[in-house]
Amino acid sequence: MTLLIDHTTTNADWLQDITSFLNCGEICAIPTETVYGLAGRADMPDALIKIYEAKKRPKFNPLICHVADIEMAAQHVQMNKKAEILADAFWPGALTLVLPKKDKSTVHDLASAGLDTLAVRCPVGPLAECARELSAPLAAPSANLSGYVSATCARDVLDDLKGRISAVLDAGPCTIGIESTILSLCDDKPIILRSGGITRDALENILGEEIALYHSQNKKAPIAPGMLSSHYAPCSKMRLNADTLYKGEALLAFGTPVFPVDKAVSIAQLSAERDLQVASYNLFSHLRMLDACGADQIAVMPIPNEGLGEAINDRLKRAAAPKY
Ligand code: TXA
Ligand code: MG
């Protein structure tokens, strides 16, 4: 059974309820500003196994460890100057830092999938509060079935994971709606392993240097084990950069379409004003909605590849990639 715990009203007991589950090695879905996370104590192997099993996630794909603050991160990873500057500027927030894991870290190898690096993030909201209450980092991948569209509200978590996890903390929809930016700081040159809620421009402005995007073709780049080409994918087929609509298609619009849409099976608008922040907020919930409408295919209007558009296009490209 999965318990739905309310965070939106005057439920003063939520922290006690959730942390009791976590302390028993149970796993709970807890919202962050990006997407809902499926959390378990990072120092409890039983909890970590439950996370992989509930999501049907391959165990070679490591988990992000969520911390209460920079001090907690520094107990588990080797911070460096750039990491301190960025954590200072963006935490709590949608930035995950990949750094060398400390030998004395209590984070179990199952969370880091045996790598000698660890991904750490201090999120906004209840997940960080839980880590603080427990004085322990919480491993939390996105709270969706592996490979499927991420969940940005409690309803979407339940659709994927009901009966497979102990509880869902319902704090309403996530404010950003797209996952964190993952930045590797293991070498001299920082490299973005996954675009996300903090834009490349924002990172470059704070660091005062250009930051490259990881490409799997680049053999010299660090390994990003979870960057599978098919991911975030609805069951329906997807067609990107659509400037027309075929019979039987649903449309994921960005701005007003200038082509006929009267035959669309369904239309979901990411942002009528072509606002990328609004589009990120709507992306996953709209993909889930269109996936359920019975169309042959989802056609997606083009989205500029700047600012948050980089993260949105990354998700759409993987959502449209062939599934192996
Ligand atoms: O916004 C987010 O990042 C959300 C919320 C819950 O915090 N979490 C999230 O987790 O998106 P997940 O597991 O869906 O994606 C994390 C990605 C995976 O692709 C994984 O391969 C990568 O982070 N990752 C984790 N540890 C890593 C490491 N040590 N080195 C490289 N990549 C790593
Ligand atoms: Mg995910």
Taking L48, is it within 13 Å of ligand 1 (Cβ to nearest atom), farther than 21 Å from A171 by Cα and aliphatic (A, V, I, L, M)? yes
Residues within the stretch 123-136 that are within 17 Å of the chain's Cα centre (by Cα) and open to solvent by 20 Å² or more (accessible area, probe 1.4 Å), tallied: 2
Within the stretch 29-46, identify whether any single residue is among the acidic types (D, E), at pLDDT 95 or above and closer than 20 Å to S180 by Cα, and answer yes or no. yes
Can R132 be described as closer than 26 Å to A319 by Cβ and not polar (S, T, N, Q)? no
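Listed here are the residues, each with its yes/no results for (1) polar (S, T, N, Q); (2) touching a Gly at 6+ places or on another chain (Cβ under 8 Å).
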{"position": "A89", "(1), (2)": "no, no"}
{"position": "L97", "(1), (2)": "no, no"}
{"position": "A119", "(1), (2)": "no, no"}
{"position": "L138", "(1), (2)": "no, yes"}
{"position": "A143", "(1), (2)": "no, yes"}
{"position": "L161", "(1), (2)": "no, no"}
{"position": "S166", "(1), (2)": "yes, no"}
{"position": "L169", "(1), (2)": "no, no"}
{"position": "G172", "(1), (2)": "no, no"}
For the stretch 49-75, what are the residues that are over 22 Å from C153 (Cα atoms) and crowded, with 24+ Cβ neighbours inside 10 Å? A73
Subset of the stretch 128-181, residues in contact with a His (Cβ under 7 Å, 6 or more places away or on another chain), within 12 Å of ligand 2 (Cβ to nearest atom) and of a type in the set (A, V, I, L, M), comes to A140
Search the stretch 1-33 for residues being surrounded by 13 or more Cβ atoms within 10 Å (Cβ to Cβ) and free of Cβ contacts under 8 Å to residues at least 12 places away in the same chain, and hand back the single one that is farthest from the chain's Cα centre (by Cα). N11
Please go through the stretch 137-172 and give me each residue that is surrounded by fewer than 18 Cβ atoms within 10 Å (Cβ to Cβ), touching a residue at least 12 places away in the same chain (Cβ under 8 Å), more than 14 Å from ligand 1 (Cβ to nearest atom) and not small (G, A, S), ordered by number. D159, K162, R164
Just the residues that are surrounded by 22 or more Cβ atoms within 10 Å (Cβ to Cβ) and not aliphatic (A, V, I, L, M), please, taken from the stretch 113-122. R121, C122
Please enumerate the residues belonging to the stretch 256-291 that are under 18 Å from G177 (Cβ atoms) and outside any helix (DSSP H, G or I). A268, Q269, L270, S271, A272, E273, R274, D275
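The values are calculated or read from the model by the stated rules, or taken from the named source; none is laboratory data. These numbers come from a predicted model, not from an experiment. All Cβ positions, even for glycine, are placed from backbone atoms using ideal geometry, and neighbour counts span all protein chains on display. Heads up: the accessible areas ignore ligands, DNA and RNA and are worked out on the full protein's heavy atoms, side chains in. Shrake-Rupley method; radii C 1.70, N 1.55, O 1.52, S 1.80 Å.
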